[in-house]
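First comes the structure, then the notes that go with it.
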Amino acid sequence: MSFDYRLMTRQNRQRALAAEAEGRSTVDAWPLRMVFEFTGACNLHCFMCGCEMAREKLRDHGVKRFTMEKSAFELWSDVAFPHIAIVNPTLSGEPFLLPYFEDLLDKVEHYGCRLDMTTNGMLMCGDRLRRSLPLLSNLTISFDGATKETFDYVRTGADFDVVMQNLGELQRLRSELEPPAEFGLNLHCTILRENIDELPAIVEIAADHDIPLVTAVFLIVYDRQLLASSPLHEPERVNRALAAARDRASELGVEVRLPQTLPLDSAKHLASWCEDASATVTAQSAAIEPKPETPVHDSTSRTMQDREPTASPSARGDAGNETSTTTSVDVDQQLLTAERPADWQGAYYCNFPWRTAFIDQQGDVAPCCQTGRPIVGNVNETPFLEIWNGPAYRELREGLVTGRLTSYCRDCTFLQETGATPANTNGYVRIVDV
């Protein structure tokens, strides 16, 4: 009889969510979702992508490999996958480029967790797509234009016609699967001056392909060359497009999660912000400075807290609380939602500090995906669970509960776009001066 890893996952979820609900600064559980930078490689070179800018800087320093060694992947999958509900194989890269993608699917299937992936859509086809569908928790397709001219310009190296063909294949495969593959699915747009007027048409493309959700965020200016593309220059035009997209979505039955409307003086704030040299210099990512690759050896395994999975009899009884009508997809979407829980008593809500952790190829741990996020530890030096409950994480959680936000939370665009903090323009310009 095979071990029921889903039981471990449910127990872990209960402990993590209890810690969140109580506003505890420590969490006696693994994260519910972990983002591993198994690959940071991408087949596109989008001009507005901060990840591509980071890769270019790394290439300038002689770094050519952007994929985690398979041995490190195997360690992480055997240590973390038994506990966590959702695995994301990359924050900055294209998941379908991962050379050991099939091995990732094997591990996800074996341990009963699910995949959360963001793809540019160019490689979203064939056997890898077909086999992924039953294992998905969520699939996000980056989609930054509703016409070939705009799409191909913004997404450098992509082909609108290929991505549209792959959307059709995805739609067909979903309809053919028995039992149906249920997972979150959305088109995601980075809003630029170049594509803002096409947002309602992106909603229409989603409806045509049975994609239930469209999400969008404003461009974050990582480099001075992006200033001209910032939507903050034209707040009235942006707000009209947002309203039109919401109206079209309502007509077509598509859900949209769009940013708050821009203040009408955002262009003035943008200009003044960029003139303030002391404010425009922030670190885009710790990955900008290359580090030597850390070999995988016994101490790495110990640091990752490798141990045999166990389940206590008392906890085993608690795992039956989910009703038979609650599907794994329902649970996954609850874990991924950014909405403030009804029983949350803290000043601000963000689910990242209790539910999600990010680990890059050098072992650096970050509490979220926002620009300017700190590195709070390295798993090659400190066991992950010690970092997870270390001083930086405790300060972050306490700040959300008490209202004394950390410096990187105060201008967080995620908190603004979910309505947790007032809208301001600071978070949308984080220029890296090199």
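The values are calculated or read from the model by the stated rules, or taken from the named source; none is laboratory data. Since we're looking at a predicted model, the values are computed, not measured. Positions of Cβ are generated from backbone atoms using ideal geometry, with glycine treated the same way; all protein chains shown enter the neighbour counts. Areas reflect the complete protein model, heavy atoms only, side chains present, ligands, DNA and RNA absent. Shrake-Rupley method; radii C 1.70, N 1.55, O 1.52, S 1.80 Å.
Rounded to the nearest whole Hz, the Karplus-based 3J(HN,Hα) values (6.51 cos²θ - 1.76 cosθ + 1.60, θ = phi - 60°) of the stretch 161-170 follow the sequence 5, 5, 5, 5, 4, 5, 4, x, 5, 4, with x at glycine and proline.
Residues in the stretch 20-32 carry Karplus couplings, in order, of 5, 4, 8, x, 6, 7, 10, 10, 8, 7, 6, x, 7 Hz; the curve used is 6.51 cos²θ - 1.76 cosθ + 1.60 with θ = phi - 60°, and Gly or Pro positions show x.
Over the stretch 143-215, average the accessible area per residue using a 1.4 Å probe and give it in Å², no decimals.
On the way: 2970 Å² over 73 residues.
Here the per-residue accessible area is 41 Å².
For Ile220, the solvent-accessible surface computed with a 1.4 Å probe is close to 20 Å², ligands and nucleic acids excluded.
Roll a 1.4 angstrom probe over the protein heavy atoms and tell me the percent of accessible area of the stretch 81-196 that is carbon or sulfur. Before the final figure, lay out the partial values.
Numbers: 2010 of 4020 Å².
It is 50 percent, rounded to a whole number.
Between Ile211, Ser230, Thr190, the Cα set farthest toward the positive side of the dipole of the stretch 180-230 (charges on each charged residue's Cβ, about the Cα centre) is that of Ser230. Based on protein heavy atoms only, the stretch 1-91 ends up with 38 Å² per residue of surface accessible to a 1.4 Å probe. Cβ-Cβ distance of Glu251 and Glu102, R₀ of 41 Å, FRET efficiency by 1/(1 + (r/R0)^6): the value works out to about 0.50. Across the stretch 212-219, coupling constants 3J(HN,Hα) worked out from phi with the 6.51/-1.76/1.60 Karplus curve, θ = phi - 60°, read x, 9, 10, 10, 8, 9, 6, 4 Hz, and Gly and Pro carry x.
Database remark: amide H of Met68 closer than 5 angstrom to the amide H of Thr39, Gly40 (H placed geometrically; neighbours at sequence offset of 5 or more, or on other chains; Pro and chain starts carry no H).
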